[in-house]
Amino acid sequence: MLLLRQLKLPLLPLLPLRGCAGERGLLQPGSPGVKSKAGPSLMTTVAMPVFSTKNETKNQGILLGVVGTDIPLQELMKLIPKHMLGIHGYAFAITNNGYILTHPDLRPLYQEGQKRRKPNYSSVDLSEVEWEDKDDILRNAMVNRRTGTFSMEVKKTVDRGRRVLKMHNDYYYTDIKGTPFSVGVALSRGHGKFFFRGNVSVEAGLRDLEQPDVALADEWTYCNTEEQHEHRHLTQIQAIKLFLTGRRPQLKCDRELIQEVLFDAVVTAPLEAYWTGLALNKSENSDKGVEITFLGTRTGLTRTNLFVPADQLSNQDFLTAEDKEGVFNADHFPLWYKRAAEQVPGTFIYSIPFSTALENKSVVLASTAIQLLDDRKSPIVAAVGIQMKLEYFQRKFWTACRQCTALDGKCSISCDNEDINCYLIDNNGFILVTEEHSQTGLFFGEVEGAVMNKLLQMGSFKRITLYDYQAQCKEYAGSSDSARTLADPFTVVKWLLTELVIFLLEFNLYSWWNVDLSVKAQRSRGKTMMVPCDTEYPAFVSERTIKETTGNIDCEGCIRSFVIQQIPSSNLFMVVVDNKCDCSSSPPVTMDPIEIILKFQKDRKKPESCHPFHPEENAMECGSATRLSGALTAALLPLIAAAVSR
């Protein structure tokens, strides 16, 4: 629970005024966000009532108005010490009704980078992202504002939901005093409990930190440069230098984190000379197949070295803000760092990245974790990797396949043989190398369904069922749109009364008129549209203990054989399949989701304190806006009739 207190989640210094939101302000999730290059971002609204404090009216509860402000949730996330949470750790917060205020798995937009918000983005329940908690133990404890711990096995999806990591998480949670919300922290076992710390001089640390190949996590807070206006133009490295040299003592910085990042800068400094030497040695990379080398440490420090000019990179988004999963963010470590941490120490993990547009970027990423090993603790201190051209990687593979151990150097059978098909797949079943280039990046089961089914039966791969409660499904709004349902007189009356009650209660003419009619107009066009839904889909993971296996498949009387072998020190497998038999009648194994229908009732909890009225207030002066006069109601009825006619 000490870690929860160290999070220091910021709340505005609110005055203890009375209001229905509680003794302090009410944080409203899902306010319209600020727009940026990546699309709108979520805001949190802090609002509270303002009552008269004059001596003659102080006890009458006269409401003067409401004051509030909007805070980008991204700014709150920056204040969470990500380096203390470990590689897979994260913080999250929910409302008194169990809805998510902030969580790394919340997906409020239709697609990352788009500006369209999902219709239910502000009512995603905690149980819809922490779905392994079938009994809602964690959720209900947080809704009821308890303080405690909880543990469970989890399946975390990465790489746009196509891959899965199996972990054991420990959860720590408590309530946020003065608000109806609760905050939690999830720590993955094996990460975040121990870390390496060393001391270096300020002079040596700053010298290596200011090198051109060094960058710090943009969304991490080493020094608070937002609090004072004269600091807002500073980068984090500039702020650290001013703080350590004593020229800006008023800067608020995390001294412990700064000391650790200085140590990382000094320890990793020799890499710059080593990488530069490789770049100058033309024989090492004569065809410019390797494009980037990179390193990241637990403190958010990144070192990169380009082996080709920046404008010649095959994937120019890598290690930039455009590649959300490839850089240190406020709520997660880079994907290449997280996946490498789950591999056996000393092994490399290879993958073809999935881009936003699901296009093949023609690159392969390879990364490995750097782990300190002793008898008691084994913290992962960094991860290092390279980005190479896909064509270069494939050429290296085919060259290696043609090298045989026979005395005469000739292969009795090779991938050049027309009777066999050779594939190189990763531990999640995605194809990296095949003779048919159009199959690169596809799931192996879509290409060789019979072989994949056999691998699942033999235990070489495991199928893991996953759920997505924030999915979007296609719905064809044809002739059965909502306008036709109004043909029934009873439906018309029911709809009219419902809308009238909601209107009188909320008194929000614009949203009632604009949103409802726009939705009805959209459906009446008879087009396919995306609607919220719940889906179930599979992911696949290889069994690490199986290094090599063979199998036979009966394809309508023809026996088709295959062999699969793990590539040493990697997450890759070579699969050789006999193609003499036609197994096209076997259905493919796909990762396509299927829609599921779930009905459940979740516990909700109203704020503990509520002050809807004051015993001495004058009802004529306060709250009378909710009572509509007969003249106003008569004026509104034509508007309602017009809505029905449309």
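The values are calculated or read from the model by the stated rules, or taken from the named source; none is laboratory data. As the structure is a prediction and not an experimental result, all values here were calculated from the model. Note: ideal-geometry Cβ built from the backbone for every residue, glycine included; neighbour counts use all protein chains shown.
Where helices (runs of 4 or more DSSP H) fall entirely within segment 52-164, those with at least 3 residues that are modelled with pLDDT of 90 or more are at 137-143. Residue-level analysis places LEU262 among those that are in contact with an Asp or Glu (Cβ under 9 Å, 6 or more places away or on another chain), buried (at least 18 other Cβ atoms within 10 Å of the Cβ) and not in a loop (DSSP other than H, G, I, E, B). Could you say which residue among CYS622, CYS581 is at pLDDT below 85, surrounded by 15 or more Cβ atoms within 10 Å (Cβ to Cβ) and not basic (Lys, Arg)? Exactly one residue qualifies, and that residue is CYS622. Evaluated against (1) farther than 22 Å from GLU272 by Cβ; (2) of a type in the set (D, E, K, R); (3) not in a loop (DSSP other than H, G, I, E, B), ASP208 falls short on exactly one condition, (1). Elements of the type strands (runs of 3 or more DSSP E) sitting completely within segment 526-582 and holding at least 1 residues that are among the acidic types (Asp, Glu) and closer than 30 Å to VAL124 by Cβ: these cover 528-542.
Scanning segment 298-341 for residues that are more than 29 Å from ALA93 (Cα to Cα) and among the hydrophobic types (A, V, I, L, M, F, W, C) gives LEU306, PHE307, VAL308, ALA310, LEU313, PHE318. Looking at segment 151-158, can you tell me whether even one residue there is over 30 Å from ASN427 (Cβ atoms) and surrounded by fewer than 19 Cβ atoms within 10 Å (Cβ to Cβ)? No, segment 151-158 has no match at all.
Scan segment 410-422 and give yes if some residue there is at pLDDT 95 or above and assigned to a loop (DSSP other than H, G, I, E, B), otherwise no. Within segment 410-422, not a single residue is at pLDDT 95 or above and assigned to a loop (DSSP other than H, G, I, E, B). Put simply, of ALA215, ALA204 the only residue that is farther than 19 Å from ASP603 by Cβ, surrounded by fewer than 18 Cβ atoms within 10 Å (Cβ to Cβ) and over 21 Å from the mean Cα position of the chain (by Cα) is ALA204. Please determine, by comparing only the residues of segment 274-322 that are of a type outside the set (A, V, I, L, M, F, W, C), surrounded by fewer than 18 Cβ atoms within 10 Å (Cβ to Cβ) and closer than 22 Å to LYS78 by Cα, which one is nearest to the chain's Cα centre (by Cα). Selected residue: GLU322.
This table checks each residue for (1) surrounded by fewer than 17 Cβ atoms within 10 Å (Cβ to Cβ); (2) among the aliphatic types (A, V, I, L, M).
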site	(1), (2)
VAL143	no, yes
ARG146	yes, no
HIS168	yes, no
ASP175	no, no
SER182	no, no
ALA186	no, yes
ARG189	yes, no
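How do the pairs read when you match residues in segment 66-81 that are within 11 Å of THR221 (Cα to Cα) with residues anywhere that are assigned to a strand (DSSP E or B) and of a type in the set (Phe, Trp, Tyr), using Cβ under 9 Å and keeping only pairs 6 or more apart or on different chains? The qualifying pairs are ILE80/TYR90. Within segment 188-205, the only residue that satisfies the criterion of being assigned to a loop (DSSP other than H, G, I, E, B), among the hydrophobic types (A, V, I, L, M, F, W, C) and more than 30 Å from LYS155 (Cβ to Cβ) is VAL200. Say we look at segment 436-457 and pick out the residues that are without any contact (Cβ under 8 Å) to a residue 24 or more places away in the chain and farther than 19 Å from ARG560 by Cα; which of these is surrounded by the most Cβ atoms within 10 Å (Cβ to Cβ)? Within segment 436-457, the match that is surrounded by the most Cβ atoms within 10 Å (Cβ to Cβ) is GLN439. Look at GLY161 and say whether it is among the small types (Gly, Ala, Ser) and over 30 Å from THR590 (Cβ atoms). Considered against the rule, which asks whether it is among the small types (Gly, Ala, Ser) and over 30 Å from THR590 (Cβ atoms), GLY161 comes out as no.
Any chance you could count how many residues in segment 218-241 are part of a loop (DSSP other than H, G, I, E, B), out of contact with any Lys or Arg (no Cβ under 8 Å at 6 or more places or on another chain) and surrounded by 15 or more Cβ atoms within 10 Å (Cβ to Cβ)? Here the count works out to 2. Scanning segment 296-311 for residues that are outside any loop (DSSP other than H, G, I, E, B) and in contact (Cβ under 8 Å) with a residue 12 or more places away in the chain returns GLY296, THR297, LEU301, THR302, ARG303, THR304, ASN305, LEU306.
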